[in-house]
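Okay, structure first, notes after.
The values are calculated or read from the model by the stated rules, or taken from the named source; none is laboratory data. Note that this is a predicted model, so its numbers are computed, not measured. Neighbour counts run over all protein chains shown; Cβ positions are idealised from the backbone, glycine included. Side chains are part of the model used for accessible areas, which takes the heavy atoms of the whole protein and leaves out ligands, DNA and RNA. Shrake-Rupley method; radii C 1.70, N 1.55, O 1.52, S 1.80 Å.
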Amino acid sequence: MVSPAVNRAALVEHAHSAIKYGSQSFSAASRLFDPETRERAWLLYAWCRRCDDIADNQVLGGELGDQSDLNERLALIRRLTAKAFAGEATGDPAFDALGVVARECGLTPAMAEDVIAGFALDAEDWRPRTQADMMRYCYHVAGAVGVMMAVVMGVSPRDTDTLDRANDLGLAFQLSNIARDIVEDDAAGRCYLPAQWLVEEDIEPGQHTKPHHRKELAEMAARLVALVERHEAAARVGAARLPFRSRWAVLSAARIYGAIGRKVRKRGVEAWNSRTYVPRWEKAWHGARAFLSAAINREKHPDGPITWGIADFRPS
């Protein structure tokens, strides 16, 4: 095997390329981390991106491929992930990257399995029946990644309360994505709105994106954004416990993704006429505001109890 120093440098470079191509928002946010945390975040992202590509049989988030061999692809993800945690070479730089960051930070196989379960749900064309189902999906595809990122930022795997707050940030991210991408997801044959919500709005199955249902769609998007804001506020409680630069990065990302949801809500029935996005100048503004919030570090606890901790999404 290549020496650990050379191997790690190559993996970091590969991971950096993956995040630059795969997510401009996350790539930009990662610049706010200290150098060590930044590299570790890239390594974790590379694994997440590669798992998603294998699960959807695609290349770097591109067009979906043949889905007929789903079980084999999920088995491959689990096999390579297990080898990475065992400290074995996998032959895939993204999985080797996971092995490096897991050893350095204390990531666990259970954390990784929670993320893999999300890839399985997406690949199986799973649909949520209730709001609780939707939240479980959001945990597996985003909240669980937030938990792993918190450990990368130095949170102890035993600090369950702070990890719950990291989960909140992931939930907020994914709920914003769902609100923004309702019509785009429908075009791809996917729907992440709870079936019960559609029934409450008296919408026929598969008809929620039709023009005559835009008012109801806007109302459901507003419900999603209300959840975004609650989990965004809860995430700030956990961010207050992080080192300054990590706190700044988390608060920046929370503001930017929260802004996406709020823009969707503000646009109402016109929210899906064009893609909702946060322009670069506005991202910079949110980053500056997050810097001040991180420096003052007096985040307000949300009113009422915080719901949906990690334990709610794992089998008892």
Original post:
Using alpha carbon coordinates only, what is the Rg to Rh ratio of segment 260-309, with Rh defined as the Kirkwood radius?
Top reply: 1.10
**OP:** Decide, for segment 201-242, between rounded, prolate and oblate: order the square roots of the alpha carbon gyration tensor eigenvalues as a ≥ b ≥ c, take rounded if a/c falls under 1.5, and otherwise choose prolate if a/b is larger than b/c, else oblate.
**Re:** prolate
Original post:
Going by average Cβ neighbours within 10 Å, how do the peptides 284-295, 73-84 rank, with the highest at the top?
Top reply: 73-84, 284-295
Original post:
Between S23 and E72, 0.36 nm times their residue separation minus their Cα-Cα distance comes to what?
Top reply: 14.9 nm
Original post:
Once the Cα gyration tensor of segment 147-211 is found, what semi-axes does its equivalent ellipsoid get, as square roots of 5 times the eigenvalues, in whole Å, sorted largest first?
Top reply: 34, 13, 8
**OP:** Go ahead and run the numbers for FRET between A288 and A10, Cβ-Cβ distance against an R0 of 41 Å, rounding to 0.05.
**Re:** 0.70
Original post:
Based on DSSP H runs of at least 4 residues, each adding -39500 (n - 2.57), what is the mean residue ellipticity at 222 nm of the chain after dividing by all its residues, to the nearest 500 deg cm²/dmol?
Top reply: -21500 deg cm²/dmol
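May I ask for the equivalent-ellipsoid semi-axes of segment 174-240, computed as the square root of five times each C-alpha gyration tensor eigenvalue and listed largest first in whole Å?
Working: eigenvalues 132, 31, 17 Å².
The equivalent ellipsoid of segment 174-240 has semi-axes of 26, 12, 9 Å.
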Subject >> Exceeding the 27 Å Cα-Cα cut-off - candidates K20/K300; K20/K266; K210/K283; K210/K266; K20/K215; K83/K283 >> reply: K20/K300; K20/K266; K210/K283; K20/K215; K83/K283
Original post:
Ignoring ligands, DNA and RNA, what percent of the 1.4 Å accessible area of the chain is carbon and sulfur?
Top reply: 54
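Take peptides 19-31, 133-145 and line them up by average Cβ neighbours within 10 Å, highest first, as a rough protection proxy. Numbers along the way, then the final one.
Working: 19-31: 17.2, 133-145: 24.1.
Final packing ranking: 133-145, 19-31.
Relative contact order of segment 125-251: what whole-number percent is it, with Cα pairs under 8 angstrom and at least 6 residues apart?
Here the relative contact order equals 33 percent.
For the chain, what number results from the quotient of the Cα radius of gyration and 2.2 N^0.38 Å?
Ratio of Rg to 2.2 N^0.38 Å for the chain: 0.98.
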Original post:
If you project the alpha carbons of segment 163-316 onto their three principal axes, what span does each projection cover, largest first, in Å?
Top reply: 48, 45, 27
**OP:** Could you run the Debye sum over the Cα atoms of segment 232-316, one equal point scatterer each and no solvent, and tell me log10 of I(q)/I(0) at q = 0.13 Å⁻¹, two decimals?
**Re:** -0.54
**OP:** Please find, in a Gaussian network model of the chain (springs between Cα atoms separated by less than 10 Å), the residue of H231, H301, H16 whose mean-square fluctuation is greatest.
**Re:** H301
Subject >> Extension gain, I296 back to D185 (0.36 nm per residue minus Cα-Cα distance, nm) >> reply: 36.0 nm
Original post:
If R0 is 22 Å, what FRET efficiency do you get for A82 and D122 from their C-beta distance, rounded to 0.05?
Top reply: 0.55
Original post:
Short version: ³J(HN,Hα) in whole Hz for each residue of segment 209-216, in order, from phi by Karplus 6.51 cos²θ - 1.76 cosθ + 1.60 (θ = phi - 60°), x for Gly and Pro, what are they?
Top reply: 9, 5, x, 6, 10, 5, 4, 5
**OP:** Return P(r) of segment 45-182 (all Cα-Cα pairs; 5 Å bins starting at 0; whole %; ordered from short to long distances).
**Re:** 2, 10, 19, 23, 21, 16, 8, 2, 0
